[in-house]
Amino acid sequence: MTDSTATDFAPTRRSGFMAFLVAIGDALAMASDVGRRVHRVDTLNDMTDDELAARGLKRDEIVQHVFRDLYYI
């Protein structure tokens, strides 16, 4: 014989809610990371070609450089 109570479902509901909160946290972290990368692209774009060359970059390589760990181009 098995007993079933209303509290048997609480962990599932809590787990679902926690998964929802984790998903929101992950989305916010991703948005923050993308924002930092976009700021980095803007910063590099504001540099002169000579300043970029000193860093070993060309203007058309900036986006690939900043996002290089996310995209394998």
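Things to note:
- Condition met for ASP42 (among the charged types (D, E, K, R), exposed (fewer than 10 other Cβ atoms within 10 Å of the Cβ) and at pLDDT 90 or above): no
- The set of residues in the stretch 31-73 that are among the charged types (D, E, K, R) and either more than 19 Å from the chain's Cα centre (by Cα) or part of a loop (DSSP other than H, G, I, E, B) (or both) comprises ASP46, ASP49, ASP50, GLU51, ARG55, LYS58, ARG59, ASP60, GLU61, ARG68, ASP69.
The values are calculated or read from the model by the stated rules, or taken from the named source; none is laboratory data. Everything quoted here is computed from the prediction, not taken from an experiment. Quick reminder, even Gly has a Cβ in these numbers, built from the backbone with ideal geometry, and neighbours come from all protein chains shown.
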